[in-house]
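The values are calculated or read from the model by the stated rules, or taken from the named source; none is laboratory data. The shown structure was predicted, so the numbers you read here are calculated from the model rather than taken from an experiment. With ideal geometry, Cβ positions are generated from the backbone for all residues, glycine too; neighbour counts draw on all protein chains shown. Heads up: the accessible areas ignore ligands, DNA and RNA and are worked out on the full protein's heavy atoms, side chains in. Shrake-Rupley method; radii C 1.70, N 1.55, O 1.52, S 1.80 Å.
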Amino acid sequence: QVADLGCGDVCLLSILKYQKCIEELVGVDINEGRLKWNGLSPCVGDHLDPRELDLAITLYHGSVLEKDCRLLGFDLAACIELIEHFDSEDLAKFPEVVFGYMSPAMIVISTPNSEFNSLFPCAVFRDSDHKFEWSRMQFQTWALDVASRYNYSVEFTGVGEPPTGAEDVGYCTQIGVFRKKAEAAEMAVLEHHGEHVYEVVYTTSYPSLQQINYRRRVVIYLVYREVSRLRRKYQVSLRQDELEAEFIASGNQTGKFTSDLPVPVLTEDDKAMEMAPQPFCIEDKFYVPLQRIIAYPRLGHLCGNVEKLREFLGDMIELNCDGSAVKVDLNDCSDF
């Protein structure tokens, strides 16, 4: 769970949505007009190749200085270029709400480094809405005090290297990375009831393999692909045998038979499955045992066992009479 407090045009959320470990993204901003969500909606590719984990994205219109129980106990809260927009009264409220009430496991706060401003021509503040811009000492003093009060540790870093010869001014933007101390995390008791003060302006959810319909769709596609690949490999081997027989029947006993047929390439999965049951052919039907299909790591991960694989396939793919193997025509590729 990641919350971007003061998310603005949701640029950060648009990047974070690609992180596979994230299951919930929340953006909060006091300026509703800045909240844009064009880059947050699922696209066609998200449906064709679903995520492993669920992902829900919500944008709220509201102030980060107000307490809303829907933001309790997140894993990470990001406050990027936010605090310098607060006056002294709001800045005093900020730690109580974010560190004390929301109490995420990690908080990342960035703010301009005023010492870097000497490199900008005619710059006092970098934005007309900034109420202050701190030096490194001012920011670190504030951050260490807040961390101490709310049982967090803090490390300092930044982005924007200064040019050669001006290294003493530090980073262009300074960053504090706050982590809740272990004892504080153990003592925290989250009560997810209380007021909902933020207004939801946008919400969406992404297709994922946790959703049974998408998982089944991916399983069927992968089975189609593997069965087709194995059938082609089997057909090539049959044709190879036929050509060798014709070569011998022609009376050419001295020359060495060579074929221009493509040699099937063994994948790493093939090499790892030497003990799995082999495909076989009966008359004009080609069979691939489910035990072999489930041995493919991807399908094994998605299904877990043969019974679940059989359930996923349902009536979408034909099985043999005892349900132990996929059954297709050997020479008719239209069945897929």
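Set the Förster distance to 22 Å, then compute FRET efficiency between I15 and F156 from the Cβ-Cβ distance, nearest 0.05. Walk me through the intermediate numbers first.
Numbers: r = 23 Å, r/R0 = 1.04.
That gives a FRET efficiency of 0.45.
Between F132 and C69, what is the label-to-label distance in nm when each label sits 7 Å out along the Cα-to-Cβ direction?
In this crude label model, F132 to C69 measures out at 3.4 nm.
Determine the per residue accessible area of the chain with all protein chains present and a 1.4 angstrom probe, expressed in square angstrom. Intermediate values should be presented prior to the final figure.
Working: 18580 Å² over 336 residues.
Accessible area per residue: 55 Å².
Would you please name the trypsin sites (Lys or Arg not before Pro) within the range 7-62 that are DSSP coil residues with at most 12 other C-beta atoms within 10 Å of their C-beta?
On the way: sites: K17, K20, R34, K36, R51; in loops: K17, K20, K36.
Filter output for the range 7-62: K20.
Pick from Y206, Y198, Y221 the residue whose mean-square fluctuation is largest in a GNM of the chain, springs joining Cα atoms under 10 Å.
Per the Cα network of the chain with a 10 Å cutoff, Y221 tops the list.
Step through the residues of the range 287-293 one at a time and calculate ³J(HN,Hα) from phi using the Karplus curve (6.51 cos²θ - 1.76 cosθ + 1.60, θ = phi - 60°), rounding each to whole Hz and writing x for Gly and Pro.
Once rounded to whole Hz, the list reads 10, 10, x, 4, 5, 6, 4.
Can you pull the one-decimal nm distance between simple spin-label points at Y101 and V306, each 7 Å off the Cα toward Cβ?
Spacing of the two 7 Å Cα→Cβ label points: 5.8 nm.
What does the extension gain come out to for L222 and R298, with contour length at 0.36 nm per residue minus their alpha carbon separation?
On the way: separation 76, 0.36 × 76 = 27.36 nm, distance 0.85 nm.
Using 0.36 nm per residue and subtracting the Cα-Cα distance, I get 26.5 nm.
What are the residues whose amide H is under 5 Å from the amide H of Y202, where those residues sit 5 or more places off or on another chain and H is modelled from the backbone?
Placed amide hydrogens put L59 under 5 Å from Y202.
Using only the Cα atoms of the range 46-127, build the gyration tensor, take square roots of its eigenvalues as a ≥ b ≥ c, and label the shape rounded, prolate or oblate: rounded if a/c is under 1.5, else prolate if a/b is larger than b/c, else oblate. Before the final figure, lay out each step's value.
Values: a/c = 2.69, a/b = 1.51, b/c = 1.79.
It is oblate, given that a/c is not under 1.5 and a/b is not larger than b/c.
Rounded to the nearest 0.05, what FRET efficiency do L91 and N213 have when you use their Cβ-Cβ distance and R0 = 41 Å? Let's see the in-between values first.
On the way: r = 48 Å, r/R0 = 1.18.
It comes to 0.25.
Heavy atoms only, probe 1.4 Å: what % of the accessible area of the chain goes to carbon and sulfur, would you let me know?
Working: 9990 of 18580 Å².
Exposed carbon and sulfur together represent 54 percent of the surface.
Rounded, prolate or oblate: which one fits the range 1-152, using the alpha carbon gyration tensor with axes a ≥ b ≥ c (rounded when a/c is under 1.5, else prolate when a/b beats b/c, else oblate)? Before the final figure, lay out the partial values.
Details: a/c = 2.06, a/b = 1.52, b/c = 1.36.
Cα axes put the range 1-152 in the prolate bin.
Whole-Å semi-axes of the chain's equivalent ellipsoid, largest first, each the root of 5 times a Cα gyration tensor eigenvalue? Don't skip to the end; give the middle numbers.
Values: eigenvalues 731, 127, 62 Å².
In descending order, the three semi-axes are 60, 25, 18 Å.
Would you pull out the residues with amide H under 5 Å of E24's amide H, same chain only if 5 or more places away, H placed 1.01 Å from N?
For E24, whose amide H was placed from the backbone, the distant partners under 5 Å are V2, A56.
Once both labels are modelled 7 Å past Cα along the beta-carbon direction, what's the C43-F125 spacing in nm?
3.8
Quick query: amide H of L65 versus all other amide H atoms, modeled in the peptide plane; which residues come in under 5 Å with a sequence gap of 5 or more or a different chain?
Close amide H contacts, sequence-distant or interchain: none at all.
Considering only A78, A147, A276, give the residue with the highest GNM mean-square fluctuation for the chain, with springs between Cα atoms whenever their separation is below 10 Å.
A276
To the nearest 10 degrees, how steeply does helix 136-149 sit against the main Cα axis of the chain, on a 0 to 90 scale?
It is inclined by approximately 80 degrees.
In the Gaussian network model of the chain, springs joining C-alpha atoms below 10 Å, which of D168, D75, D46 carries the largest mean-square fluctuation?
In the Gaussian network model the winner is D168.
May I ask you to derive the FRET efficiency for L53 and E32 from their Cβ-Cβ distance with R0 = 25 Å, giving the value to the nearest 0.05?
Numbers: r = 29 Å, r/R0 = 1.18.
Taking R0 as 25 Å, the efficiency between L53 and E32 is 0.30.
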